[in-house]
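> A single structure is presented below for examination.
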Amino acid sequence: MPHKVISLISVGRHPQSGRSRRADQDSRAVELGLKLAGTDLDVVHAGSSQEPVLRQYAGMGLPKVTVLEQDESADALVSIADYLKSEKADIVLTGVRAESGESSGMTPYILSEQLGWPIVARVADIVEIKGDEAQVLLALPRGQRRQVTVKLPFIASIDNAAEAARQSAFGPGLRAKMDSQNGSTVEDSVRVDWSEAPAKARPKRLKIVKAKTAADRFKAATAKPQGGSGKVMKNESAQEQAQAIFDLLIEEKVIR
Amino acid sequence: MSDIIRRDPRAEWIIRNRLHPLHDQYANQEEGGEVRGPSGLLRKFPHKVGFIGPNGIKRIDRLKGNSSAPKGKRSSAAQEVQLPLHKVDSPEYYIMVVADLVGGRLTGHDKDILGLAHKLIAERGGNGAVVAVCFGEVKEEHFDTAGVDRLLHIDGEAFEGYSPEARVQALAQVEAQYPVKQWLFPDSIHGGCDLASRLAARLGERPATQAWQVNVEQTVSRGASASLDITRKTPKILMLLEECADAIDETRHEATPITLDGVSVTAPTIQDQGLMDVDPNAIPMAEAEFILSAGNGIHNWDQFHDAAKVLGATEGASRVAVDDGFMPRSRQVGATGTWVTARVYIAVGISGAIQHMQGIGQVDKVVAINTDAGCDMVKRAALSVIGDSEEILGELMKLTAEHKSTSVSDQAEEDSHAA
Ligand SMILES: Cc1cc2nc3c(=O)[nH]c(=O)nc-3n(C[C@H](O)[C@H](O)[C@H](O)COP(=O)(O)OP(=O)(O)OC[C@H]3O[C@@H](n4cnc5c(N)ncnc54)[C@H](O)[C@@H]3O)c2cc1C
């Protein structure tokens with residue numbers, strides 16, 4: 001039985017121009033969903049079905065996009081949680097953080113808490129699904145990968161390390177069906193009290209020298225950042241030298 | 001003896017001024033006084049002449065006290081500065097800082113957040129303590145100077161490796177057991193952000209993410225891919241950006257261990273299978289952890305590529321190696337290439353031109369393999385071996401291959417403990 005894969009999409013924001021676009025991580029999630037489920041992938045958006053960006057997602061080869069019709073100020077979580085429950089999803093794919101709005105990245109976590117499903121964060125790839133378990137690759141800092149096994153159903157947030165999204169085709173995007181359903185009407189009440197402003201540049205941290213005496217200040221201003229040189233091996237045999245390097249590599253855990 | 005030099009300007013002035021009526025008296029005092037022997041001869045006590053200089057060498061002042069420099073009053077050993085101890089007795093509330101502890105040590109990011117926690121306590125008033133919550137292996141030795149009042153180390157099999165589910169259960173237990181005013185997490189890819197989001201969902205709190213300006217009342221955080229500043233009431237759970245406050249540097253703290261009783265961890269639904277082998281050359285060079293870099297001193301390029309493969313290192317190159325066509329331009333390290341952040345950088349046959357050094361400014365440990373012991377790379381390196389690159393790389397490959405073949409069996413175990 002093929003697994004039911006649902007991918008949640010949102011409206012992204014181009015980092016330079018600020019125009020709306022396919023969100024980077026969301027489109028990578030759709031790409032991964034297409035790999036797992038082909039065109040059976042269910043792509044869900046909570047918002048307006050008139051949104052032109054949805055056509056860009058649809059242009060990736062989706063016959064239809066499910067839209068939970070609701071206002072911009074309404075809480076998307078309620079309607080999405082209901083939808084996921086009614087559809088009996090096996091895998092839900094999201095981005096790590098949205099590119100517009102609060103971009104707190106809490107959506108997958110709250111869904112996981114509400115549905116009682118596990119969440120795996122920063123997924124680079126879903127390698128295989130066998131029975132009721134999936135092998136998932138997580139993206140770690142410095143390009144490292146960790147493999148975990150997780151039980152279905154689960155939620156995965158897709159990292160930028162996942163495979164890049166295919167190009168969007170304009171015509172098929174226009175022809176895709178927008179399947180509108182009723183969304184929630186619950187207002188996001190906390191957000192009303194917030195004030196939002198364009199981001200200010202953050203001040204750079206200055207290197208403050210807390211020297212008590214002039215001599216210390218002088219030293220701080222003139223000292224070379226790197227102190228005396230390390231160990232030098234000159235007369236040892238090549239084998240001993242290689243051993244010393246090898247020991248350092250083991251100590252630093254770069255060779256396992 | 002204290003290191004502080006006490007000067008007597010009046011005495012110095014009298015010593016300088018030979019016409020002063022008290023000059024002889026003061027000058028003699030300096031020199032240890034004039035002593036007449038029984039026959040009336042002037043006796044000099046040679047051990048009293050001069051003073052011990054800062055390097056431990058005896059100095060004799062031929063200026064006869066006519067210099068104004070302070071003399072002989074300095075203790076030779078510099079005293080270690082003892083920072084004042086900040087004590088918190090029976091705290092009323094706690095601010096929990098869940099540290100990333102990359103490699104078991106506090107990161108700069110963690111320290112900034114500890115500093116912020118103290119700032120929040122100072123603003124709020126009352127008797128609050130900052131707790132550092134640590135999971136897994138801890139190698140940090142300076143919790144006290146980083147501003148940790150209490151240390152909660154949650155240890156055990158269940159919290160090793162990748163175990164976000166067990167960790168969040170422990171944090172929920174902390175919330176139940178201690179009066180926690182605030183939870184501070186680094187908003188980082190080292191797991192801080194993930195754990196914070198899980199805890200927030202568990203406790204039903206709405207966190208502030210990417211927060212960068214925080215006081216007791218208000219928090220400014222970034223939103224909409226860092227194009228928006230959101231100002232709101234400070235929530236209970238905060239995920240903070242780097243440099244959100246200054247780290248503690250003027251006080252010492254108790255770092256008293258506290259305990260968490262009875263964490264019951266349910267069976268995890270996510271099982272850690274350990275780190276995967278990744279192709280080191282697929283990692284962007286700027287993020288690579290371990291780089292083997294080639295310069296003009298490499299003559300056997302096939303061997304160099306083999307060595308990189310055996311060691312599992314990302315390849316780098318100096319400009320000469322690139323200009324000569326041995327390496328692609330994208331592998332160049334330095335001013336006009338990539339600025340790398342590796343932890344270990346092996347420079348094989350690279351002289352260390354300044355344009356190259358700029359690129360490796362952030363590297364922790366540099367290893368130099370070079371035939372020239374006087375080159376700049378050797379001065380920068382933590383370990384330098386002087387010899388022919390081909391020979392040494394050959395030996396190194398042999399050692400590594402041996403190590404790999406013997407440790408295949410316990411590889412899986414090592415992986416699960418690393419990171
Ligand atoms: C504007 C500008 C920008 C530049 N930008 C960069 C940059 O981004 N990156 C960069 O790398 N360079 C840059 N350079 C070039 C830089 O100045 C140096 O020329 C270059 O880094 C030298 O490379 P090297 O150390 O490999 O070669 P060399 O200086 O020739 O050093 C070779 C070293 O190998 C050793 N050696 C020789 N034979 C052996 C052997 N058999 N075994 C072991 N060791 C041996 C020698 O003792 C010597 O120390 C720039 C230059 C300019 C003018």
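> Under 16 Å from the Cα of A:Lys151, which lysines turn up, not counting those fewer than eight places away in the same chain?
Within reach: A:Lys4, A:Lys88, A:Lys130.
> Sticking with this structure for a sec: State, as an integer percentage, the relative contact order of the range B:297-419 based on alpha-carbon contacts under 8 Å between residues 6 or more apart.
For the range B:297-419, the relative contact order is 22 percent.
> Then there's this: As an exercise, use a Förster radius of 35 Å and the Cβ-Cβ distance of A:Gln135 and A:Ala169 to find the FRET efficiency, rounded to the nearest 0.05.
0.65
> Suppose every K and R has +1 on its Cβ and every D and E has -1 on its Cβ; what is the size of the dipole of chain A about the Cα centre, in Debye to the nearest 20?
Roughly 1660 debye for chain A.
> So how far, in whole Å, is the C-alpha centre of the range A:156-183 from the one of the range B:155-211?
32
> Where the centre of each part is set by its Cα atoms, how far does the range B:129-154 sit from the range A:70-147, in angstrom?
32
> Something else now. Under the classification rounded if a/c is under 1.5, otherwise prolate if a/b is larger than b/c and oblate if not, where does the range B:175-234 fall, given a ≥ b ≥ c as square roots of the Cα gyration tensor eigenvalues?
Judged from the Cα gyration tensor, the range B:175-234 comes out oblate (a/c at least 1.5, b/c at or above a/b).
> Using a Gaussian network model of chain B whose springs link C-alpha atoms within less than 10 Å, name the residue from B:Ala382, B:Ala176, B:Ala307 with the highest mean-square fluctuation.
B:Ala382
> Before rounding to the nearest 500, sum -39500 (n - 2.57) across all DSSP H runs of length at least 4 in chain B and divide by the residue total; then give [θ] at 222 nm in deg cm²/dmol.
-8000 deg cm²/dmol
> Between A:Ile129, A:Ile91, A:Ile245, find the one with the highest GNM mean-square fluctuation for chain A; connect C-alpha pairs within less than 10 Å.
Judging by the Gaussian network model, the answer is A:Ile245.
> Oh, and also: Can you give the mean number of other chain Cβ atoms that lie within 10 Å of the Cβ atoms in peptide A:128-139?
1
> Find how many whole Å separate the alpha carbon centroid of the range B:319-395 from the alpha carbon centroid of the range B:221-263.
38
> Kindly provide the pair-distance distribution of the range B:85-258 built from C-alpha pairs, with 10 Å bins from 0 and whole-percent values in order of increasing distance.
Histogram of Cα-Cα distances, whole percents per bin: 10, 43, 38, 9, 0.
> So, one more: With a 10 Å cut-off between alpha carbons and a GNM built on chain B, which of B:Glu205, B:Glu12, B:Glu165 moves the most?
B:Glu12
> Further question on the same structure: Kindly identify chain B as rounded, prolate or oblate by the Cα gyration tensor criterion: order the square roots of the eigenvalues as a ≥ b ≥ c, call it rounded if a/c is under 1.5, otherwise compare a/b with b/c, prolate if a/b is larger, else oblate.
oblate
> Give the lysines reachable from B:Lys111 as a straight Cα distance under 21 Å; neighbours fewer than 8 places away on the same chain don't count.
Partners within reach: A:Lys204, A:Lys207, A:Lys210, B:Lys87, B:Lys119, B:Lys139, B:Lys181, B:Lys236.
> Zone of B:Asp323 (label point 7 Å along Cα→Cβ, backbone N under 19 Å): which residues in the range B:339-370?
What the label zone holds, given the 19 Å backbone N cut-off, is B:339, B:348-360.
> For B:Lys379, list the aspartates and glutamates whose Cα falls under 16 Å from its own Cα; do not include residues on the same chain fewer than 8 positions away.
Partners found: B:Asp364.
> What trypsin sites (Lys or Arg not before Pro) in the range B:75-158 are in a loop by DSSP, with at most 15 other Cβ atoms within 10 Å of the Cβ?
B:Lys87, B:Lys139
> What order do you get for A:41-53, B:353-365 when each peptide is scored by the mean count of other beta carbon atoms within 10 Å, highest first?
Going from most to least packed, we get A:41-53, B:353-365.
> Something else: First measure r as the distance between the Cβ atoms of A:Ile208 and B:Ala122, then evaluate 1/(1 + (r/R0)^6) with R0 = 22 Å and state the FRET efficiency to the nearest 0.05.
Computed FRET efficiency for A:Ile208 and B:Ala122: 0.70.
> May I pose another question? Calculate the tail of P(r) for the range A:5-190: the fraction of all Cα-Cα distances greater than 26 Å, expressed in %.
25
> How crowded by other chains is A:142-154, given as the mean number of beta carbons from other chains within 10 Å of each beta carbon?
Mean shielding count: 6.
We did not get these values from a lab; they are worked out from the coordinates using the rules stated. Note that the coordinates shown come from a computational prediction; the quantities given were computed from them, not determined experimentally. Neighbour counts are summed over all protein chains in view; Cβ atoms, including those assigned to glycine, are modelled from backbone coordinates with ideal geometry.
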